[in-house]
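Chemist: One structure coming up, written as structure tokens, with questions to follow.
The values are calculated or read from the model by the stated rules, or taken from the named source; none is laboratory data. Just so it is clear, the structure is predicted and the values come from calculations on it, not from any experiment. Cβ atoms come from the backbone with ideal geometry, glycine included; neighbour counts cover every protein chain shown.
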Amino acid sequence: MSATAQKTAPLPDDIRARKGGDPLVSLTAYTTPMAQMMDAHCDFVLVGDSVGMVLHGLPSTLGVTMDMMIMHGQAVARGLQSAMMVIDMPFGSYEESPQQAFRNAARLMGETGAGAVKLEGGAHMAETIAFLVARGIPVMAHIGLTPQSVNTLGGYKVQGRDAGADLLMADAKAVSNAGAFAVVLEKIPASLADQITAEIAIPTIGIGASSGCDGQILVVDDMLGLFTAFKAKFVKRYADLGVSGEAAIAQYAREVRARDFPAQEHIFADQAPGKK
């Protein structure tokens, strides 16, 4: 291999093979510049349906459409070279039947170049996962707090406490047995996340779960402090770009109103320098 050869993006089987190895790193991305920033640091990048809340101001992920996911998926793909792209299937695009799921998953992958799709649900989605995998669609599963089911779950609550732990364990085993190459565990007790990680054959990706998971994912706008309306307990803010960004905008506004901007160095003279 030449010294200038670029690292190629991993495939779903490469992610699966990381089970029990070095932790997998992932973030969400919705735009080309953000994808470019994280490309060298992430194993896979998720084009999440959280884009509806983060960038479009929706109250939940339920209003996200296929066209929205495709548009943002295409933008993210332009910014990636070494990380695999996974794209969320939006609410209503896969629940009706395995056939519906295949049509929409094939469209998402075909129009964005994503390496895999992610869908929410445990044992009740196992048939759909198996159907997709058998037809060449790699699937990342998502159990625990599944935001598309927020209305039936009673809000954004921790899942898997008490009696719910057995159900989540069954969900994890079902999606693994169905052929998912990894599973996101969202907002579940750490001890349960550790138990699931130990008992299933595919990598677990934690978000509000446990450091013992096989990998971690966060919404990038949360960890950068850009999405400041709400901060979940499981989010660590690695920067406060929302605060510094608002301060910069306020300074710009003051300078415009005081006619301090644009200054001489920001405007063009009647003649180019050096010309008479």
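Chemist: Return the pairs, sorted by first residue and then second, in which the second residue is of a type in the set (D, E, K, R), the first residue lies in region 11-24 and is farther than 11 Å from MET84 by Cβ, the beta carbons are less than 6 Å apart, and the residues are 6+ apart or on different chains.
Modeler: Taking only residues 6 or more apart or on different chains, the pairs are LYS19/ASP214.
Chemist: Separate question: Within region 1-37, track down each residue that is buried (at least 17 other Cβ atoms within 10 Å of the Cβ) and modelled with pLDDT under 95.
Modeler: Matches in region 1-37: ALA9 only.
Chemist: Here's a follow-up. Please determine, by comparing only the residues of region 116-160 that are within 12 Å of ALA105 (Cβ to Cβ) and not hydrophobic (A, V, I, L, M, F, W, C), which one is farthest from the chain's Cα centre (by Cα).
Modeler: So the residue we want is ARG135.
Chemist: Given the criterion farther than 25 Å from MET69 by Cβ and outside any helix (DSSP H, G or I), identify the matching residue among ILE143, ILE188.
Modeler: After applying the criteria, what remains is ILE188.
Chemist: Return the residue satisfying two criteria in turn: it lies in region 25-51 and is part of a strand (DSSP E or B), touching a Cys at 6+ places or on another chain (Cβ under 9 Å) and hydrophobic (A, V, I, L, M, F, W, C), and of such residues it is nearest to SER176 (Cα to Cα).
Modeler: Ranking the qualifying residues of region 25-51, first place goes to VAL25.
Chemist: Sticking with this structure for a sec: So which residues in region 51-71 are hydroxyl-bearing (Ser, Thr, Tyr) and within 23 Å of GLY110 (Cβ to Cβ)?
Modeler: Passing the criteria: THR61, THR65.
Chemist: Looking at GLY225, GLY212, GLY242, which one is small (Gly, Ala, Ser), surrounded by 11 or more Cβ atoms within 10 Å (Cβ to Cβ) and not in a loop (DSSP other than H, G, I, E, B)?
Modeler: None of the other options fit; the residue is GLY242.
Chemist: Same structure again: Quick check: is even one residue across region 30-41 touching a residue at least 40 places away in the same chain (Cβ under 8 Å), of a type in the set (Gly, Ala, Ser) and closer than 15 Å to THR112 by Cβ?
Modeler: Checking region 30-41: at least one residue is touching a residue at least 40 places away in the same chain (Cβ under 8 Å), of a type in the set (Gly, Ala, Ser) and closer than 15 Å to THR112 by Cβ.
Chemist: If you don't mind, there's one more thing I want to ask. For the condition aliphatic (A, V, I, L, M), surrounded by fewer than 21 Cβ atoms within 10 Å (Cβ to Cβ) and either without any contact (Cβ under 8 Å) to a residue 24 or more places away in the chain or under 26 Å from ALA105 (Cβ atoms) (or both), what is the one hit in ALA172, ALA182, ALA193, ALA163?
Modeler: From the options ALA172, ALA182, ALA193, ALA163, the qualifying one is ALA163.
Chemist: Of all residues in region 66-88, count the ones that are β-branched (Val, Ile, Thr) and in a strand (DSSP E or B).
Modeler: Number of matching residues: 2.
Chemist: Turning to a different aspect of this structure: Taking into account only those residues within region 179-199 that are among the hydrophobic types (A, V, I, L, M, F, W, C) and over 22 Å from the mean Cα position of the chain (by Cα), which is farthest from PRO23 (Cα to Cα)?
Modeler: Among residues in region 179-199 that are among the hydrophobic types (A, V, I, L, M, F, W, C) and over 22 Å from the mean Cα position of the chain (by Cα), the one farthest from PRO23 (Cα to Cα) is LEU192.
Chemist: List the residue pairs whose Cβ atoms are under 7 Å apart, where the first residue sits in region 249-265 and is among the hydrophobic types (A, V, I, L, M, F, W, C), the second is surrounded by 11 or more Cβ atoms within 10 Å (Cβ to Cβ) and at pLDDT 95 or above, and the two are 6 or more positions apart or on different chains.
Modeler: Pairs that qualify, where the first residue is among the hydrophobic types (A, V, I, L, M, F, W, C) and the partner is surrounded by 11 or more Cβ atoms within 10 Å (Cβ to Cβ) and at pLDDT 95 or above, are PHE261/TYR252; PHE261/GLU255.
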